[in-house]
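So the structure is just underneath, and the comments pick up after that.
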Amino acid sequence: MSCASRIIGTLVAAFVVAGSSFPGGEPARPSLLALLGPSAAYAASDISLANIGISGNGVEIAIPSAAITGSSLPEAELRALFATGAGSLPARLDTLSATRIAIPELTVTQHSGGVRQVTTYFDMELHDVVNGVIGSLRSARSAVTATLTDDSGDKVQFTGTSGETSVEKFDTVLFARLFGGDETDGAARDREQPAQPLHGPFSIKDYRVTGNADDATFSMEIAGIDGEGLSVRPGSTSLSELAGLAEAGSGSFDSLSPDGKRKVLAGLAGLLSGLELGETTASGVTVSQTGAHAKEDNYSLRVDTIRTRFIDRKLGFSFEGITFEGNAGKASVRTFAVEDLSFRSTASALAEAARPDPDNPDITLDNARLAPEGGRLRVENVNVDFNIDDADGKQVNDASGRVAFSIASFTSMTDLVPDGDSAQFETVLDGFHALLPATDNDGVNQLRELGYDEVTLSATARGHWTAEGGRLAVEALSLSGKEIGSIDVRARLGQVDRRAFSGDTDLALQALGKATLHDITLTLENKGLFERIVKRQAADASPDDVKQQFAALATIGIPAVIGDSAAARKIASAVARFANSPGKLALTATAREPAGVGIGTIDFGASEPRAILDRFDISTANE
């Protein structure tokens, strides 16, 4: 639900509350239009309202005064429109037309769990209302106060304001159906109908929130929020029923009854399937915290632009121009974006789990299908420079505690075709540059001893999967470093289940564990690392002597470690040639079994590695 929908929804909520009964069978207060003043002329004079108070279900609405101009109904019918128990609210709203509805001040007080929120909208005007569809809505400004009380009784208070808010073409009838105002159209909710526009373009200006906790002050400012619009399709579980179930379950899905669980799942499936959010943009977003006891907890975060869209069950969002500054350091990111992340399978799995099954009353969720699929992650121009904490939690301000790195770009993409017959994946890290700090880490110290004060790395993972035979081709799995070299793995596998791309790590590993390996090639290329190693070892010998020593060690040591065999000697010979003339070395293992070697049958902890080698034909190449 967009910000604009929440604001205009407050007005519709007033209609819902006004025309409904609350627990105990009695309306909490008189219905909204029952408080109208003296008789008004049909479609002409203003109908004045005064001191309207409505409450129920944790919501209190106060309207000191309001006026309706140009009503399409005579006063008696207009009163009946919102009378308690007058029938379907969407059907009643469908008859509402007016040229103008003016509400100088509208205050909503909400209570839910440990949260109490009071929101006041000022100078609200609704224009050109036709059959429940508001042509345009304007609110000059708003103010909000929220108090959060945790389990220990501690309270945190937030206050906020916004400037002008505008919304075009808001359908109150559809909103009432979505919220749960129609008890008669349950069957229609289940039909696969196209999503209908709930509202058109909207805009919110100068949004500000501040709060205090533990002597620290939190603040957030948004220069503006603009959106294209929102379309929805009411689901089988209304939003009000979902909210009630969430309150009853106290945030725990397992505490709900089986019927309650199915309603929640059906509601979530309906939201994912029937919601279309056009591009929504927030600009000039700043978040900061000041006054914290621990200075390192103070920070300032700015995002130039945040964009979001959800179309055809695919989510896309991006953050542009991120900058962060704190006592511990600073960071910046030019772009962080997620594109085309599909929730199609998620919605289907939720809908299936929500269907009653007399033979299986328990709720069964397929985690593999619940995870979103596909999508593309894109990150550009990352720069980080921080001082980290030591083992005692104290900030280290010298070189040993400095973490400084940058990333030129990072992209990750999985493209699953809709019918699930194939997939392509690619992850590319380009230009990861890091300073190597003075540290106790052995690996980092070894690199520093070799003369590397900084490293620049790039990595690639790319491949293709076909459902028929579960064939997976790993076209590249590589890591390379400037003035270091590279390592590259390529492989062909079979019997790889679709769950390998589910997004659930455990399920993906299980799927790969059942796969078969047909062949794998490992390629090493030296770009300067080997020469540095030789130079460090050549204190009392020439570089050529050191290379010959490495070659001899490989010739003798490799068969001794993995078991003497023709394959072991072939590998040892290739490694020895690489040691003498460090260029490029390729080792390929091809399964002797036509169906491939089951990965799950390979005992990597075997005391005799030769047993593994004997299942493959080995070939080598030196350049």
I'd like to check which helices (runs of 4 or more DSSP H) are fully inside segment 495-591 and have at least 1 residues that are in contact with a strand residue (DSSP E or B) (Cβ under 7 Å, 6 or more places away or on another chain), modelled with pLDDT of 90 or more and closer than 24 Å to residue 613 by Cβ.
566-580
When you check residue 298 against the structure, is it over 19 Å from the mean Cα position of the chain (by Cα), surrounded by 15 or more Cβ atoms within 10 Å (Cβ to Cβ) and not hydrophobic (A, V, I, L, M, F, W, C), yes or no?
yes
State whether the residues of segment 482-495 include one that is surrounded by fewer than 17 Cβ atoms within 10 Å (Cβ to Cβ), out of contact with any His (no Cβ under 9 Å at 6 or more places or on another chain) and of a type in the set (Lys, Arg).
no
Quickly run through segment 434-454 and pick out the residues that are charged (D, E, K, R) and part of a strand (DSSP E or B).
454
Name the pairs whose Cβ atoms lie under 6 Å apart, with the first residue in segment 196-220 and β-branched (Val, Ile, Thr), the second not in a strand (DSSP E or B), and 6 or more positions between them or separate chains?
204/3; 217/291
Which count do you get for residues in segment 592-604 that are in a loop (DSSP other than H, G, I, E, B) and modelled with pLDDT under 90?
3
Scanning segment 77-125 for residues that are in a loop (DSSP other than H, G, I, E, B) and under 36 Å from the mean Cα position of the chain (by Cα), which turns out modelled with the highest pLDDT?
114
Flag if residue 251 is over 24 Å from the mean Cα position of the chain (by Cα), modelled with pLDDT under 95 and either surrounded by fewer than 16 Cβ atoms within 10 Å (Cβ to Cβ) or farther than 26 Å from residue 167 by Cα (or both)
no
Among the residues in segment 529-540, are any buried (at least 18 other Cβ atoms within 10 Å of the Cβ), in contact with a helix residue (DSSP H, G or I) (Cβ under 6 Å, 6 or more places away or on another chain) and either in the same structural domain as residue 615 (by TED's automatic domain parsing) or closer than 20 Å to residue 623 by Cβ (or both)?
yes
Which one of 450, 457, 472 is touching a Phe, Trp or Tyr at 6+ places or on another chain (Cβ under 9 Å) and more than 30 Å from residue 596 (Cβ to Cβ)?
457
Among the residues of segment 109-163, which ones are hydroxyl-bearing (Ser, Thr, Tyr), under 27 Å from residue 97 (Cβ atoms) and touching a residue at least 40 places away in the same chain (Cβ under 8 Å)?
121, 139, 142
All-but-one check, residue 544 against (1) among the acidic types (Asp, Glu); (2) more than 47 Å from the chain's Cα centre (by Cα); (3) within 30 Å of residue 493 (Cα to Cα), failing number (3)
When you scan segment 216-291 for strands (runs of 3 or more DSSP E) that lie fully inside it, which ones turn up with 3 or more residues that are among the β-branched types (Val, Ile, Thr)?
216-227, 275-290
Which residue is nearest to residue 94 (Cα to Cα), if the candidates are limited to segment 47-71 and must be at pLDDT 75 or above and assigned to a loop (DSSP other than H, G, I, E, B)?
71
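Results for (1) in contact (Cβ under 8 Å) with a residue 40 or more places away in the chain; (2) in contact with an Asp or Glu (Cβ under 7 Å, 6 or more places away or on another chain), shown as yes or no for each residue.
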{"site": "473", "(1), (2)": "no, no"}
{"site": "482", "(1), (2)": "yes, no"}
{"site": "486", "(1), (2)": "yes, yes"}
{"site": "491", "(1), (2)": "no, yes"}
{"site": "495", "(1), (2)": "yes, no"}
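Quick grid of which residues meet (1) among the small types (Gly, Ala, Ser); (2) surrounded by fewer than 18 Cβ atoms within 10 Å (Cβ to Cβ):
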| position | (1), (2) |
| --- | --- |
| 214 | no, yes |
| 235 | yes, no |
| 287 | no, yes |
| 291 | yes, yes |
Considering residues that are surrounded by fewer than 20 Cβ atoms within 10 Å (Cβ to Cβ), outside any loop (DSSP other than H, G, I, E, B) and not polar (S, T, N, Q), the number found within segment 354-368 is 0
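The values are calculated or read from the model by the stated rules, or taken from the named source; none is laboratory data. Predicted model, so just to flag it, every value in this text is computed and none were measured. We place every Cβ from the backbone using ideal geometry, glycine too, and count neighbours over all the protein chains shown.
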